[in-house]
Amino acid sequence: MSYPFPGMNPWLENPTLWRDVHQRLITALADRLAPQLEPRYFVAVETHTYISTAPSLPIQSRYPDVSVLKLSDTAQPYAAESPPTLPVVVEIPLPEPFEEPFLEVRLVPDGEVVTVIELLSHTNKRAGDERRSYLQKREALIDSDVHFVEIDLLRAHPPMPYTEHRLADYRIFIHRREMNRKAHLYPFTVQQAIPTFPLPLLPGDQEPLVDLGALLHELYDRARYRLVIDYGNPPAPALTDEDAAWAAASLAPG
């Protein structure tokens with residue numbers, strides 16, 4: 001099956017799959033932008049590193065937070081009418097580092113960062129330490145002398161500040177450094193195509209259009225995601241009744 005939707009595929013949002021999609025889409029975007037921006041700019045793939053000991057990642061995509069290993073068989077006898085309760089031995093996880101990639105568009109040859117591009121993950125959208133850490137970095141970028149592009153292709157978890165929009169499932173947020181405390185927001189729904197947008201650069205430079213929809217279509221085929229998606233089960237999170245009916249019609253053969 002080729003890519004079945006005009007915009008975002010909600011089945012790709014599943015936390016067990018999104019990490020792979022996130023990595024591939026960031027790399028594909030860097031590869032698409034690099035030849036359009038040379039020789040003046042270089043596109044670098046950077047990473048945020050998080051250390052997590054809390055259950056902030058879905059069970060399916062990380063080591064278990066608590067594992068039952070076995071019942072203790074070394075309990076000492078007690079002079080009591082009822083036998084002592086045997087404890088359960090549990091595993092205490094070590095701090096778990098994981099990385100989230102993002103893009104920097106840098107000037108050549110001095111390496112000055114002109115634009116930062118973030119593709120949101122469940123890690124930095126879900127309530128908890130990782131979200132708070134991301135929001136601090138996000139606010140620092142908005143207050144800095146760089147352009148900031150934030151792409152949210154996840155319906156799960158609360159939207160980021162300044163991007164709340166009651167009609168939107170997904171959002172692209174662009175803060176240009178010359179706009180002070182204003183920004184451009186591209187909200188769209190699961191039934192709509194992903195909007196194209198100009199990538200902010202320095203004044204006077206031609207800004208390429210970013211077509212995430214085309215990239216996602218190509219990535220779906222190249223990564224063979226059809227092999228691991230079961231369209232017979234609802235996506236996570238579930239669609240509204242209206243969107244579910246629309247998705248079923250889009251997936252119907254013919």
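The values are calculated or read from the model by the stated rules, or taken from the named source; none is laboratory data. Quantities reported herein were computed from a predicted structural model and do not represent experimental measurements. Backbone-built Cβ (ideal geometry, glycine too); neighbour counts: all protein chains shown.
Collect the residues in segment 212-254 that are charged (D, E, K, R), in contact (Cβ under 8 Å) with a residue 40 or more places away in the chain and either touching a Leu at 6+ places or on another chain (Cβ under 7 Å) or within 21 Å of TYR170 (Cα to Cα) (or both), keeping them in residue-number order. Selection gives GLU218, ASP243.
Based on this model, can you work out whether HIS147 counts as farther than 20 Å from TYR41 by Cα and over 18 Å from the mean Cα position of the chain (by Cα)? Step through it out loud before you land on a result.
Numbers: farther than 20 Å from TYR41 by Cα: no; over 18 Å from the mean Cα position of the chain (by Cα): yes.
Here the answer is no, as HIS147 does not meet what is asked.
Please work out which residue is farthest from VAL105 (Cα to Cα), limiting yourself to segment 1-35 and to residues that are among the acidic types (Asp, Glu) and surrounded by fewer than 16 Cβ atoms within 10 Å (Cβ to Cβ). Walk me through it before giving the result.
Keep residues of segment 1-35 that are among the acidic types (Asp, Glu), which gives 13, 20, 31.
So of that shortlist, the ones also surrounded by fewer than 16 Cβ atoms within 10 Å (Cβ to Cβ) come out as 20, 31.
Working: ASP20: 23, ASP31: 12 Å.
If we take residues in segment 1-35 being among the acidic types (Asp, Glu) and surrounded by fewer than 16 Cβ atoms within 10 Å (Cβ to Cβ), then ASP20 is farthest from VAL105 (Cα to Cα).
Okay, residues lined up against (1) among the aliphatic types (A, V, I, L, M); (2) modelled with pLDDT under 95; (3) over 24 Å from THR27 (Cα atoms); (4) touching a Gly at 6+ places or on another chain (Cβ under 8 Å):
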position	(1), (2), (3), (4)
GLU164	no, yes, yes, no
PHE173	no, no, no, no
ARG176	no, no, no, no
PHE188	no, no, no, yes
LEU201	yes, no, no, no
HIS217	no, no, no, no
TYR225	no, no, no, no
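Filtering segment 138-171 to residues that are in contact with a Ser or Thr (Cβ under 9 Å, 6 or more places away or on another chain) and aliphatic (A, V, I, L, M) leaves VAL146, VAL149, LEU154, LEU167, ALA168. When ASP221 is tested against (1) in contact with a Ser or Thr (Cβ under 8 Å, 6 or more places away or on another chain); (2) surrounded by 15 or more Cβ atoms within 10 Å (Cβ to Cβ); (3) not basic (Lys, Arg), just one condition goes unmet, and that condition is (2). Given the structure, is GLU104 within 26 Å of GLY213 (Cβ to Cβ), acidic (Asp, Glu), modelled with pLDDT under 95 and surrounded by 13 or more Cβ atoms within 10 Å (Cβ to Cβ)? Against the criterion (within 26 Å of GLY213 (Cβ to Cβ), acidic (Asp, Glu), modelled with pLDDT under 95 and surrounded by 13 or more Cβ atoms within 10 Å (Cβ to Cβ)), GLU104 does not qualify. Of the residues making up segment 3-60, those that are among the polar types (S, T, N, Q), more than 16 Å from LEU154 (Cα to Cα) and either modelled with pLDDT of 90 or more or in a helix (DSSP H, G or I) (or both) are THR27, GLN36, GLN60.
Rundown of residues vs (1) over 21 Å from GLU242 (Cα atoms); (2) surrounded by 19 or more Cβ atoms within 10 Å (Cβ to Cβ); (3) acidic (Asp, Glu); (4) without any contact (Cβ under 8 Å) to a residue 40 or more places away in the chain, yes/no style:
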site	(1), (2), (3), (4)
ARG155	no, yes, no, no
HIS165	no, no, no, yes
ARG176	yes, no, no, yes
GLY204	yes, no, no, yes
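The test for being touching a residue at least 40 places away in the same chain (Cβ under 8 Å) and hydroxyl-bearing (Ser, Thr, Tyr) holds for TYR170.
Going by what's in this entry, would PRO93 be described as over 30 Å from THR27 (Cα atoms), at pLDDT 50 or above and in contact with a Phe, Trp or Tyr (Cβ under 9 Å, 6 or more places away or on another chain)?
yes
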